[in-house]
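The values are calculated or read from the model by the stated rules, or taken from the named source; none is laboratory data. Model, not experiment: these values are computed from the prediction. All Cβ positions, glycine included, derive from the backbone under ideal geometry; neighbour counts span all protein chains shown. These area figures cover heavy atoms from the full protein model, side chains too; ligands, DNA and RNA do not enter into them. Shrake-Rupley method; radii C 1.70, N 1.55, O 1.52, S 1.80 Å.
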Amino acid sequence: MNGVEGVIEFHLDSRSGVSPYLQLVQQVRQALLLGVLEAGDRLPTVKEVVAQLAINPNTVLKAYRELERDGLASAKPGVGTFVTATLADESLAAHGPLREGLRAWLAAARKAGLDEESIEALFLSTFRTPVTEENE
Amino acid sequence: MTPVIAAKGLGMRYGRRWALSDCDLEIPPGRVAGLVGPNGAGKTTLMNLMAGQLTPTTGTIEVLGSRPADRPEQLARVGFVAQETPTYAGLTVGEHLRLGAKLNPRWDQAVAEERLRRLGLDHGQRAGQLSGGQRAQLALTLGIAKRPELLILDEPVAALDPLARREFLQALMEAVAEHAFSVVMSSHLLADLERVCDYLVLLVSSRLEVAGEVEELLATHWLITGVRREDPPEGAEVISASHTGRQSTLLVRSATPISEPGWLASQVSLEDIVLAHMGRPALEVAA
């Protein structure tokens with residue numbers, strides 16, 4: 001069987017603990033945030049997704065319904081489900097410079113002797129700390 | 001809507017042994033139902049009853065609203081792929097299709113040909129020379145091309161290697177998406193069932209232990225741990241329990257989330273739920 005002919009291809013992590021339908025929703029949201037998917041793009045058909053992932057068709061339908069409820073996609077009967085909104089907007093332009101900054105930061109962290117685990121822990125703990133000094 | 005399967009007080013006895021007893025079951029239409037349970041729990045008996053290959057000792061069973069295998073029209077609505085992927089070793093792939101066309105009034109030759117083309121199977125090949133995966137795909141092709149409203153599959157992937165298993169389930173799910181038929185499928189491979197099934201039927205010791213929507217089962221089962229205590233949280237039914245000197249670990253069923261202080265609750269996989277239920281009656285018998 002060939003790959004899915006849409007713009008994106010789904011994958012499933014069976015050990016993530018995240019339900020399959022939610023993984024599909026998250027992957028569409030992520031593709032929107034990264035600008036991989038744009039308004040007007042057709043999402044893979046239910047048949048294409050289940051033929052690729054060997055999952056229940058209802059799982060895909062549920063994911064697409066949720067995307068519709070969130071105003072991100074809309075189904076055209078007999079044609080497919082299409083992306084109707086984008087999440088990336090203007091912020092996408094900032095991705096390049098931010099990625100550069102992050103690379104520099106990671107290099108500095110490694111130079112300081114942090115291993116992968118410490119870097120991840122530091123990032124997550126900082127990311128989750130409520131920002132209080134934003135009003136300066 | 002008419003249930004795909006409706007059983008009431010269904011029982012089957014072989015000599016003095018009950019292979020299935022007291023089974024009340026209703027599977028809604030449009031589901032891919034997984035039938036699980038230990039060996040000898042009655043799965044194959046239940047599937048043979050669904051397919052009309054057996055006559056029940058007690059109770060009744062209706063398939064798509066009628067008695068199984070009652071009339072030719074009823075037979076045409078139900079596809080049955082028995083264990084060991086039934087194909088005739090001496091017949092060619094093409095002869096299997098001709099047989100299917102002859103025996104099934106709703107036979108869809110175009111669907112059969114298209115599937116063979118994609119599988120790379122030749123009309124001239126003998127079934128006996130095919131690999132296990134190819135034989136299973138041939139049996140599935142015959143089941144799909146029959147264009148049934150319900151397809152019953154008894155351990156269709158048990159003998160297949162992981163790749164062939166995945167390819168089989170991909171083909172099955174694609175056909176379900178395209179032709180919208182219901183499925184009842186038995187398997188020991190819980191991880192596969194978790195991807196594929198949206199309804200679960202669990203048999204243990206010839207009895208129905210659990211039946212329900214997978215989503216609902218996942219939403220109502222919890223693994224809770226806490227300082228050792230004998231009494232479960234209020235409203236929770238204990239499925240399995242283990243205790244150390246200090247700690248209790250319970251798998252419980254509860255309609256509402258467990259939020260009692262002292263208990264730490266987490267969600268569980270379908271596999272854990274099935275295993276916990278499988279262990280339960282055995283424990284009760286032993287007690």
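The set of residues from the stretch B:183-216 being among the small types (Gly, Ala, Ser) and either touching a helix residue (DSSP H, G or I) at 6+ places or on another chain (Cβ under 6 Å) or open to solvent by 20 Å² or more (accessible area, probe 1.4 Å) (or both) comprises B:Ser186, B:Ser187, B:Ala191, B:Ser205, B:Ala211. Just one of the listed residues (B:Ala136, B:Ala145, B:Ala158) is of a type in the set (Gly, Ala, Ser) and within 16 Å of the chain's Cα centre (by Cα), and it is B:Ala158. Taken over the stretch B:1-19, the residue count meeting the criterion of being among the aliphatic types (A, V, I, L, M), within 11 Å of B:Gly59 (Cα to Cα) and open to solvent by less than 10 Å² (accessible area, probe 1.4 Å) is 2. Among the residues of the stretch A:24-41, not a single one is within 14 Å of chain B (Cβ to nearest Cβ) and open to solvent by 10 Å² or more (accessible area, probe 1.4 Å). Within the stretch A:75-90, the presence of at least one residue that is more than 14 Å from every other protein chain (Cβ to nearest Cβ), closer than 21 Å to A:His11 by Cα and more than 16 Å from the chain's Cα centre (by Cα) is confirmed. Of all residues in the stretch B:70-89, those that are more than 19 Å from B:Glu155 (Cβ to Cβ) and open to solvent by less than 40 Å² (accessible area, probe 1.4 Å) total 2.
Residues of the stretch A:48-62 include none that is of a type in the set (A, V, I, L, M) and away from chain B (no Cβ under 11 Å).
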